[in-house]
Amino acid sequence: MASPIVHLRRDDTSVVVSLTDNRLPRILHWGRDLGVLAPEDLDALELSTRPAIGDSPVTYPQPVPVLPQLAEGWLGTPGIAGSRAGRAWAPQFLVTDSVLHDDDPRGAASLTIEAADTVSELSLTIELRLEPSGLLRSRARLRNLGAAYRLDRLELALPVPDRADELLDLTGRWALERVPQRHAFPLGRWERESRGGKPGLDAPTVLLAGEHGFGFRRGEVWGAHLGWSGNQTLAAERTPAGSRLLRGGELLLPDELVLGAGEDFTTPWLFGSWGDGLDELSSRFHRFLRSRASHPATPRPVLVNTWEAVYFDHDLDRLVTLAERSAALGAERFVVDDGWFLGRRDDTTSLGDWIVDPDVWPTGLEPLADRVRELGMEFGLWFEPEMTNLDSELAREHPEWIFDAGHGPGLPSRHQHVLDLGHEDAYTLVRDRISLLVKRLGIAYIKWDHNRFLTDAGHSPGGHPGVRRQTQQVYRMMDELRAAHPGLEIESCASGGGRIDLGVIEHTDRVWDSDCNDPHERIDIQRWTTLLLPPELQGTHIGAEESHTTHRTAPLAFRAATVLWGHLGVELELTAIDDATFEAVRNWVRAHQELRPLLHAGTVVHADTPPETRLDGVVSPDRTAAVYQFAVLHRPAAWPPSRLHLPGLDPARRYRVEELAITDAVPAGQRPPWLDRGGVTLPGAVLAEHGLEAPSLDVDRSVLLKVTTSDAAA
């Protein structure tokens, strides 16, 4: 049995957990490291946390357990909801055992708590895990010991202090994902639900609570993220008694999870991170992800994707020519997007018929795949395994495999419906067809798309909810394909950035941030996706001069500088651009390949700038080098722009700051004197605090700054 009060410490982070009175774990402190605390200090800390409850513990039930219980007087949303034929709906769990593991070979500190309610015939295991990066993870396993138990909610909570008085989360829509929204932390519950079978284009991603006015470099802030790719809830809850919680769990549909005798359910991981500013909070996610054994270990290959180059207009000669131009560009992977399979001339037909179209490809895709490899590139292919069109051979042969909650297949979206992978025959057919093509064509990379929400996902013949099962089957298929084909990489794409979470990232190798390649929008889409994921896990592509989604035009230098940071791709009709443009794109590809070791291993930083400008960068782990992008997105009332305060550098080192002009340099007349003289050398403290005069850029223009140490640390 662990001590009644446990102190977990990792990377400037302390988590103090109380197990007194056999109650479920209550987190007394989560945040800045408290240093070494003796047992008597922990006892005093626990005592100092108790409120004056008078004669009504129902009114003042704090500190709140990580699973709030109605039976303990919690008047907010119960952490567990369910019943056994109308009974056992208000369980009260008491701790029976606890084990502290502070010597994990991977460097984490963890606490496992066993609890039970013998009257309700339920047992519970809660795991708290503090990673070496300071990231806190929690999950619970509920076991049913009696007759069938219908579970409606199992939602864990993380407390935040009362100085966290402001909330920030993300919303959005197609081609404009990750839009921040901020407001006061109200009394009651601020809830964000995802009901479409995936987190969605409007996903909150990370729900944040912090000190008023917190930014990337200032203000303490705490955040919660649920590592799950299906229906889910994230919520912030504040009670009149003073409790403030961040909460998350699966959103379960009626009878979607009924536990038989001896059966159990384990929640997804609820991730919690804190920091003095959003950069520190996000760095804990990044370091955790980079420490995984499954994290991509090889340089992220620059790819060319055919979608915005040819759309559905496929033929061998055209794509071979495009592949040859891609190789000349320096690309390392060539991906054939939608349009290659049976009857697929537009988006109204053929999803589910994963057979190479003999009319378009009379000799198959092998000649193209072979030529791609001859050119020194990997071959990739687009699939949408979870979907079908009603106008397809699969749907005509197996209409019972289409989700139907009792009113037919429901409304189409992009002319398509959802294929119920809960039918094992449907699952096997899709998996085997994909696997056969991966083997036959030597596919190294799958772009896995998902373009319709699961709004009416009834499993036939009864129409019972099938969303949770669908998510599990998707994870299973991804894992089985990767196991059958070692080295196969998968991208999570869902109409762009509709399925970005730490659940799917355990089964994939990158995500597609957005279908929007317009740099004016992309710069913020990437900035806020980086709150959760490091750059190397984000697909970022150089698109056309006129954006496919917004029809805004932007010069190559702004388009390329904005996407330089991530897993770089090119989505241009390379056979149609002139030689000068082709050479300029090639220079950007080369620059990315040279910078890749820094960009994909360094610390991501963002300056807190006025709303019209952005200053983002990556600093090497040893803080000897950095690259920044300064961009002007709107015309501010005051001019010139505010000084550039370069975040993340070592205050004691001296740095050389100069323009990194891959193609276009900042025009004359917009260059401050320090830039005109080839750069400037200053201590990191001066660059952060005093800053540099900003170039007077036009709107939708940017400049890259290269920063290197000029001497050893002082």
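Every residue in the stretch 460-478 that is surrounded by 21 or more Cβ atoms within 10 Å (Cβ to Cβ) and assigned to a strand (DSSP E or B), please. Selection gives Pro465 alone. Filtering the stretch 26-53 to residues that are free of Cβ contacts under 8 Å to residues at least 60 places away in the same chain, within 21 Å of Pro68 (Cα to Cα) and assigned to a loop (DSSP other than H, G, I, E, B) leaves Arg50, Ala52, Ile53. Residue selection: Asp515 satisfies the criterion of being over 18 Å from Leu419 (Cα atoms), open to solvent by 30 Å² or more (accessible area, probe 1.4 Å) and in contact (Cβ under 8 Å) with a residue 60 or more places away in the chain. Of all the criteria given as (1) more than 30 Å from Ser123 (Cα to Cα); (2) touching a residue at least 12 places away in the same chain (Cβ under 8 Å), the one not satisfied by Thr298 is (2).
Put simply, of Asp425, Asp432, Asp456 the only residue that is under 22 Å from Glu397 (Cα atoms) and at pLDDT below 95 is Asp456.
Among the residues of the stretch 414-449, those identified as within 26 Å of the chain's Cα centre (by Cα) and either more than 18 Å from Ser229 (Cβ to Cβ) or open to solvent by 60 Å² or more (accessible area, probe 1.4 Å) (or both) are Arg414, Gln416, His417, Ile434, Ile443, Ala444, Tyr445. The set of residues from the stretch 676-712 being more than 32 Å from the chain's Cα centre (by Cα), outside any loop (DSSP other than H, G, I, E, B) and touching a residue at least 40 places away in the same chain (Cβ under 8 Å) comprises Leu692, Thr709. In the set (1) under 26 Å from Asn587 (Cα atoms); (2) acidic (Asp, Glu); (3) in contact with a Gly (Cβ under 9 Å, 6 or more places away or on another chain), the condition left unmet by Asp608 is number (1).
The combined condition, being assigned to a strand (DSSP E or B) and either open to solvent by less than 30 Å² (accessible area, probe 1.4 Å) or among the β-branched types (Val, Ile, Thr) (or both), is not fulfilled by Val666. Tell me yes or no: at least one residue of the stretch 480-495 is assigned to a helix (DSSP H, G or I), under 21 Å from Leu251 (Cα atoms), open to solvent by 10 Å² or more (accessible area, probe 1.4 Å) and charged (D, E, K, R). Within the stretch 480-495 (the criterion being assigned to a helix (DSSP H, G or I), under 21 Å from Leu251 (Cα atoms), open to solvent by 10 Å² or more (accessible area, probe 1.4 Å) and charged (D, E, K, R)), the answer is no, since none of the residues qualifies.
The combined condition, being touching a helix residue (DSSP H, G or I) at 6+ places or on another chain (Cβ under 7 Å) and at pLDDT below 95, is fulfilled by Asp664.
Residues that are closer than 18 Å to Glu131 by Cβ, outside any loop (DSSP other than H, G, I, E, B), open to solvent by 70 Å² or more (accessible area, probe 1.4 Å) and of a type outside the set (A, V, I, L, M, F, W, C) within the stretch 96-118 comprise just one, His101. Scanning the stretch 21-52 for residues that are open to solvent by 20 Å² or more (accessible area, probe 1.4 Å) and of a type in the set (A, V, I, L, M) gives Leu28, Leu34, Val36, Leu37, Ala38, Ala44, Leu45, Leu47, Ala52.
Matching residues to (1) open to solvent by less than 20 Å² (accessible area, probe 1.4 Å); (2) modelled with pLDDT under 95; (3) out of contact with any Gly (no Cβ under 7 Å at 6 or more places or on another chain):
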{"site": "Gly54", "(1), (2), (3)": "no, yes, yes"}
{"site": "Leu67", "(1), (2), (3)": "yes, no, no"}
{"site": "Ala71", "(1), (2), (3)": "no, yes, yes"}
{"site": "Gly79", "(1), (2), (3)": "yes, no, yes"}
{"site": "Arg84", "(1), (2), (3)": "no, no, no"}
{"site": "Leu94", "(1), (2), (3)": "no, no, yes"}
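Filtering the stretch 54-70 to residues that are in contact with a strand residue (DSSP E or B) (Cβ under 7 Å, 6 or more places away or on another chain) and not in a loop (DSSP other than H, G, I, E, B) leaves only Pro65.
When the stretch 565-595 is filtered for residues that are open to solvent by less than 30 Å² (accessible area, probe 1.4 Å) and not in a loop (DSSP other than H, G, I, E, B), the ones remaining, listed by number, are His567, Leu568, Gly569, Val570, Phe582, Ala584, Val585, Trp588, Val589, Ala591, His592. Scanning the stretch 419-448 for residues that are among the β-branched types (Val, Ile, Thr), assigned to a helix (DSSP H, G or I) and touching a residue at least 40 places away in the same chain (Cβ under 8 Å) returns Val430, Ile434, Val438. Of the numbered criteria (1) in a helix (DSSP H, G or I); (2) closer than 25 Å to His592 by Cα; (3) open to solvent by 20 Å² or more (accessible area, probe 1.4 Å), the one Arg614 fails is (1).
So, Leu303, is that one of a type in the set (A, V, I, L, M, F, W, C) and out of contact with any Asp or Glu (no Cβ under 8 Å at 6 or more places or on another chain) or not? Here the answer is no, as Leu303 does not meet what is asked.
At least 3 residues being within 16 Å of Arg527 (Cβ to Cβ) and either touching a residue at least 12 places away in the same chain (Cβ under 8 Å) or open to solvent by 10 Å² or more (accessible area, probe 1.4 Å) (or both) is the threshold, and among the strands (runs of 3 or more DSSP E) wholly inside the stretch 142-184 those reaching it are 166-173, 176-184.
The values are calculated or read from the model by the stated rules, or taken from the named source; none is laboratory data. All values derive from a computational prediction rather than experimental measurement. Because the Cβ atoms are built from the backbone with ideal geometry, glycine has one as well, and the counts that use them run over all protein chains shown. Areas reflect the complete protein model, heavy atoms only, side chains present, ligands, DNA and RNA absent. Shrake-Rupley method; radii C 1.70, N 1.55, O 1.52, S 1.80 Å.
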